[in-house]
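Peer 1: Right, I'll just put the structure down here and ask away after.
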Amino acid sequence: MEFVIPVTRDGLKCADSAGHYVVEEFFNVKELPYKIRDAFSSAKRSADFIEANFDVLYGGLENFSHLSLETKEDAWNCISIGMQELISELHQALDPEEPLDGDVQLKYRNMLKMLIYLMVQYIYEYEAEDARNIRNDIGKGRGRGKVKASEEPDFWPRVKDRALHLLYEVACLPLHLLWNTPLVDEDFIRWEPTMLQYFESSVIPLAQGLVHVSQDLEGKMILGELVREIGRMDVGILARDTSTTKHYAQFITEVANISPDLLIPSMTFLVPLLECEPYTVRSAVLEVMGEIVGRVLCAEGLEKKERKLRDEFLEYLLDHMCDVNAFVRAKASFVMQVWGKLSAAGAIPLKYQPTVLNKAIRRVSDKAATVRKNAIQLIMALLQGNPYAAALPIDDVQKQLAEETKKLQAMEEEYVSKEKARSDALSDPAQLWLEMFPHVLEAAKEHLEEGNKENFPDSLEFALRINQAIPALCDLLSSEQTSDVFETIDFFVVAMQFQFEQAITGVRRMLNLVWSKEKSIQEAVLKAYRTLYFEEKEGKSARSNAGKVVSHLIKLASSANLGELVSLENLIVELVRAGDINKQMLQILWERFTRAQPGITEQESRTALQLLAMAGSANPGIIATNLQVLMDVGLGPGAKENHLLPWLTCKALLKLQVRYSGRTVSKDGEELSPRMPPDHKLFQLLQDLLVDEFLNEKDVHYTPMALEAINVIYKLSDLPHQNSSVILKGCQLKVFSKEEKLCSLPLARLLSMVGHVALKQKMFLMNDVFQELKRRDAAREETGKDRTKRITSRASRASRVSNPANVSSASMLDGDQELGMLGATAHDSNFESVKEECEGLLYSGYLGHFRGLVVEICSKLSQYTDKRLKTAACDALGKFMLTSSRFCEDHIQLFFTILEKSDIEEIRGNSVLYCRDLMIQYPNVLAPWTPYIYRRLHDTSNLVKKQTLRVLNELVLSDMIKVRGQISDVALCIMDPDPGVSNAARLFFVELAGKGNSVYNVLPDIISRLSDAEVGTSEEHFQNILNFIITVTQKEKQMDGLVEKLVNRFPAATTERQWRDMAYCLSLLNYGEKSLKKLQENLPCYAKALSEPKVYEHFVKILTGCKKFIKPDMKRVMEEFEAQIKEFHEKGLDDVTASKRARDAVRRQSNRNTPKTPRSPTKQRTRRQLPSSSSEDEEEESEEEDEVTKSDEVPVVRKNPRERKRGGKKNEEEIQSGSDAEDFQPPSTKKTQPLSTKKTRPLTAKKTRPLATQNTQTPGRTLRSSNSSTSTSSTSSSISSSTVKKRILRRGQEK
């Protein structure tokens, strides 16, 4: 009787055909322990015990969960001992030279099948029980390692190891001798897929064992049969059973990693798996192909069949670089990194290089991070293993190609001319040869190109393709994925080593990464620059290597923009502190700055000075020890030839550390040098340079140079106002000289310096002078502290001794307290005196002479045509306002008028930046003008919009501006066509989302404003904006309240578009049980809106997402909720259809010709009068709305107290007689004109009052007026209850 391994366990209970083994005896749970114990005793004697005891052990399988631990262990020991005995017997019985008898062969075959079947089935039961125990332990809060005291934690691991060892020993036997055919029966091989299917722990041991059997014991048949079984698996089963798919993929991958040549005969079964759905299988097959190509089919001299197989595998790898699954795309890119190694050995055809490189470049922009990472690695591998050259500068390759092409053409022409001369003496064969020559030449060229490693056309094409990938790789430097950044940094290092000139763009972009919050990225950037610029070359002197480093740094700095130079300075500081930039490099930089070395250009000299200034940020001594060099070269005769040189010299001088703000010691603990006297040579050179070059209109760098010179004076001079006044007086004499004609450029330069001096003078007074006064007071306080203590102590003792009853708490103040009070009083006195001095800067002294000039020019901007003059005047106005609060209050309206009306982009942008500083310094003065800052978000200039967003971001995050309804204007900028504006708006909401509940509180208002029809936001833009905002602001605690807020706005919606917008926002939220309950409780609020199909679709989407996490006890409630939504949707559709039919019927009735009766005069008069009261009420209600709107949106600006003291008279600087100043008057005047004649409608579509009108009522008066109008209009019978409710709500909002 033959034992056949069944497909299912029940297959042994009934035979499929005659002669097959069937289980005949079945035992209950009480009998099994005794029967299994008897079988265990029989197993110790011989392996043939299984024939008599199979039914017993089968019964143990059927009742496995009901057996005790001891009985289970006995059953397993019985099987393992029997298997060990059988293996020993088979070792002696199986001999290829002495075949077994038929009956003996059948006996051994049945015993082996029975034991294999039982072993595999018992392993399955043990694994299933172990998985259940783990789940139960996790549910009870216990880990896997926490077992009960009655259990043996080492039992199943020991059983598992023993099982795998026995199966391995079975696989090592020559099992084909048990069958009459060369192949083992299929039903016996089926146990291996079963092991792989159910037991993850058996994957690697089974793969290793089968590889050993195939290599050492010539058992390749078993592995081939197993791979064939995997290849014939049903695709549907693979798609459903993910664990089985994972085990199969791990198995073939492990075999390929150990010995890929064993899988080549079985690839016909694995290739079809590339079309199956599970991506793990496709990925594993691709990895197998890569291992075969990289380790087997890479040798030289492959046969034609092997080359064909290699090319087929490579084609599969190429195709799946565009696989729909990201993991497969990543695996394909990873596998093809082998190509770089193979191309270096010449084992891969060159025809694949362009195709692979193109696909890799396209994958750089893949949406999956793993794919991008592997694509970059593949490009680097192809570049490092390219067969063309060690350096690929495109210009050099193009020149070489042109030269070689010319040589080849010359050779062809020479050869053709010689052959043509001979053709006259030759017969027809010669003519035939001439005709064949081009083909022979082409074949020879192909042969030469194959053997020539310097194939110029191919190398040029390869270099151009790499060059095309650089822009996309530069963008990845800004990626949020750190893996993208790391790989891109490595690529640019390799590209620079291969001399790609375009790679310098990426190297400069890397500079911005020094500000990264990730410490690992900062270290990667430093490592990259050390590799590129600081690696010493062998065989060269230290000075030669240092000169090479300096040359590289100069080249990098000379091509960097302003932002990159700031980042480069941070990098240089780190390199100086780390010692990478040593003294020898600094010495070479000074030599190049002074042009002591021959061949140094002016540009290189200035760049060397820039690098020295950057190094001075880390070590100010670098500048201090060479101060004389800077004065002689940077401020000497050459400074007048090009103002860039003194400008950079001033930047270097600003790195000097002197005593400032009362500090005498630096942060590093070094003693600071005192300030220089005002008659120092340095200041004399600066004064002469600024005055002498004041009228030099050819050099456009005069103004920035002059401002930096003023910065140097105010940082280093002991009396900076003396030096600055000398400069301003000298320049003023040249501007208003009778000999010179008044020009706009000198005047613009003068105003720029005047404004800068005023601001620096205030900073000097508030910081340095005030801190010095504090230091002196502290010194005096410390000096008199001991003496005050002694005097106070003696007086106190005398008082207590003479009259103890008069001692009070006030009289017991010790000397320290009294001294502290005196110190605080002195501090306040110093502060007030310094503040008063700052306020008087523009109203007394030398700077006061320029106040009226600046105001006059700014008030008459339309009368001036020079853009530079207008820009300088407005810049001076902003700095004057920062200098004096009085000046700011008097000219705040003029400032915002310029901001609103100026047609110069630079003026508006600078004014927005001044708004930030003014808001920080004078928040109460600037608060009423906040709406006009938000208006710049609708500016025509992208630069102004970006600066406005930056300013609002800083002010909002620092709580200088409260987040209000105007934030919807920021939200609109998210969809701005300019990427800079859009990114700035996105950054605003990302940073604001981390600041408490700011965005959450205004999100409903943003939705309402953007969904308003008068705003004009398209539905697509609305969805994109809210999708971004809600994504960055979602917090679990906020969802419940946000759902309720949005749902309660449905009844107030007036259009179907607003319904759709709010439903879309609800669909973006992440729902929990509480938020879902809120949605269900407020169903009446949006029941009517469900008639709209899009609204219904959004709610269906919400319910579909909630079904994924809903608990079983909530399932019924969920179904009821879904049924209610569907019911309201269908009912709404019916109502809409009925309403449409009714409208059609009314329309048809009105179209009929009915006789018209004349109206009576009384009725006509009555009908004409009825709208009158209604219109009066509407007009009254509209006026009330306007009053509320004005009081909410534009605050009232009251009259300046100083103006009241002056009796309402105009300031001396106000312009008279028909000038432009009528539209630029400050808010203190009684009759103020609006900023613009255009009517501006905010997002609420309400009227906006003119800016800072004097005759506006106060909020309290507005409220009384509103109340009176309400009480009056309430007597009219035409007022509805809804109107009264609206007014009550508005009144509450106003309060």
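The values are calculated or read from the model by the stated rules, or taken from the named source; none is laboratory data. Only a predicted model underlies this, so the values are computations on that prediction, with no experimental measurement involved. Ideal geometry is used to build each Cβ from the backbone, glycine not excepted, and the neighbour counts take in all protein chains shown. Accessible surface areas use protein heavy atoms only, side chains included; no ligands, DNA or RNA. Shrake-Rupley method; radii C 1.70, N 1.55, O 1.52, S 1.80 Å.
Peer 1: Return the pairs, sorted by first residue and then second, in which the second residue is among the β-branched types (V, I, T) and modelled with pLDDT of 70 or more, the first residue lies in segment 396-415 and is closer than 21 Å to F500 by Cβ, the beta carbons are less than 6 Å apart, and the residues are 6+ apart or on different chains.
Peer 2: So the pair list comes out empty.
Peer 1: Right, next: Any idea which of (1) among the basic types (K, R); (2) surrounded by 14 or more Cβ atoms within 10 Å (Cβ to Cβ); (3) over 23 Å from M321 (Cβ atoms) is the one R295 doesn't satisfy?
Peer 2: Here R295 clears every test but (3).
Peer 1: Which residue is modelled with the highest pLDDT, if the candidates are limited to segment 299-335 and must be of a type in the set (D, E), open to solvent by 80 Å² or more (accessible area, probe 1.4 Å) and outside any helix (DSSP H, G or I)?
Peer 2: E303
Peer 1: Considering Q657, Q603, which residue is modelled with pLDDT of 90 or more and open to solvent by 70 Å² or more (accessible area, probe 1.4 Å)? Even if it seems obvious, please write down each step before you answer.
Peer 2: Details: Q657 fails: modelled with pLDDT of 90 or more.
Every option except Q603 fails the conditions.
Peer 1: From A624, A578, which residue is under 25 Å from L690 (Cα atoms), open to solvent by 10 Å² or more (accessible area, probe 1.4 Å) and not charged (D, E, K, R)? If you could, list the steps in order and put the result at the bottom.
Peer 2: Numbers: A578 fails: under 25 Å from L690 (Cα atoms).
The unique qualifying residue is A624.
Peer 1: Further question on the same structure: Filter segment 361-383 down to residues that are out of contact with any Phe, Trp or Tyr (no Cβ under 8 Å at 6 or more places or on another chain) and assigned to a helix (DSSP H, G or I) and give me whichever is surrounded by the fewest Cβ atoms within 10 Å (Cβ to Cβ).
Peer 2: Here the residue is R362.
Peer 1: Further question: Looking at (1) open to solvent by 20 Å² or more (accessible area, probe 1.4 Å); (2) at pLDDT 90 or above; (3) more than 29 Å from A778 (Cβ to Cβ); (4) not β-branched (V, I, T), which is the one condition that is false for L630?
Peer 2: (1)
Peer 1: Could you tell me whether segment 586-593 includes any residue that is within 32 Å of the chain's Cα centre (by Cα), open to solvent by 10 Å² or more (accessible area, probe 1.4 Å) and of a type outside the set (A, V, I, L, M)?
Peer 2: no
Peer 1: With respect to E25, is the statement that it is farther than 23 Å from L164 by Cα and touching a residue at least 40 places away in the same chain (Cβ under 8 Å) true?
Peer 2: Considered against the rule, which asks whether it is farther than 23 Å from L164 by Cα and touching a residue at least 40 places away in the same chain (Cβ under 8 Å), E25 comes out as no.
Peer 1: I would also like to ask the following. Tally time: how many residues in segment 848-868 are open to solvent by less than 10 Å² (accessible area, probe 1.4 Å) and of a type outside the set (S, T, N, Q)?
Peer 2: 5
Peer 1: Further question on the same structure: Going by what's in this entry, would M119 be described as more than 60 Å from the chain's Cα centre (by Cα) and either more than 17 Å from L175 (Cβ to Cβ) or crowded, with 20+ Cβ neighbours inside 10 Å (or both)?
Peer 2: Details: more than 60 Å from the chain's Cα centre (by Cα): no; either more than 17 Å from L175 (Cβ to Cβ) or crowded, with 20+ Cβ neighbours inside 10 Å (or both): yes.
Spelling it out, it is not the case that M119 is more than 60 Å from the chain's Cα centre (by Cα) and either more than 17 Å from L175 (Cβ to Cβ) or crowded, with 20+ Cβ neighbours inside 10 Å (or both).
Peer 1: So in segment 464-492, with the set limited to residues that are closer than 15 Å to R363 by Cβ and assigned to a loop (DSSP other than H, G, I, E, B), which one is most open to solvent (accessible area, probe 1.4 Å)?
Peer 2: Across segment 464-492, the extreme among qualifying residues is Q481.
Peer 1: Can I ask one more? Take the residues of segment 153-167 that are modelled with pLDDT under 70 and over 17 Å from Y124 (Cβ atoms): which is most open to solvent (accessible area, probe 1.4 Å)?
Peer 2: Within segment 153-167, the match that is most open to solvent (accessible area, probe 1.4 Å) is R158.
Peer 1: Given the criteria surrounded by 13 or more Cβ atoms within 10 Å (Cβ to Cβ) and outside any helix (DSSP H, G or I), does V23 qualify?
Peer 2: So V23 fits the description; yes.
Peer 1: While we're here: Of the conditions (1) basic (K, R); (2) touching a Phe, Trp or Tyr at 6+ places or on another chain (Cβ under 9 Å); (3) surrounded by fewer than 19 Cβ atoms within 10 Å (Cβ to Cβ), R509 clears all except one; give me its number.
Peer 2: Checking R509 against (1) basic (K, R); (2) touching a Phe, Trp or Tyr at 6+ places or on another chain (Cβ under 9 Å); (3) surrounded by fewer than 19 Cβ atoms within 10 Å (Cβ to Cβ), the one that fails is (3).
Peer 1: Only one of S520, S479 is at pLDDT below 90 and small (G, A, S). Can you tell me which? Reasoning before the result, please.
Peer 2: Details: S520 fails: at pLDDT below 90.
Sole residue among the options that is at pLDDT below 90 and small (G, A, S): S479.
Peer 1: Looking only at segment 836-853, count how many residues are in contact (Cβ under 8 Å) with a residue 40 or more places away in the chain, in a helix (DSSP H, G or I) and either basic (K, R) or out of contact with any His (no Cβ under 9 Å at 6 or more places or on another chain) (or both).
Peer 2: 8
Peer 1: Checking the conditions here, which among V338, V288 is at pLDDT below 85 and touching a helix residue (DSSP H, G or I) at 6+ places or on another chain (Cβ under 6 Å)?
Peer 2: Criteria check complete, one pass: V338.
Yes or no, residue by residue, for (1) basic (K, R); (2) in a helix (DSSP H, G or I); (3) open to solvent by 20 Å² or more (accessible area, probe 1.4 Å):
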residue	(1), (2), (3)
A872	no, yes, no
M881	no, yes, no
D890	no, yes, no
Q893	no, yes, no
T897	no, yes, no
E900	no, yes, yes
D903	no, no, yes
N910	no, yes, yes
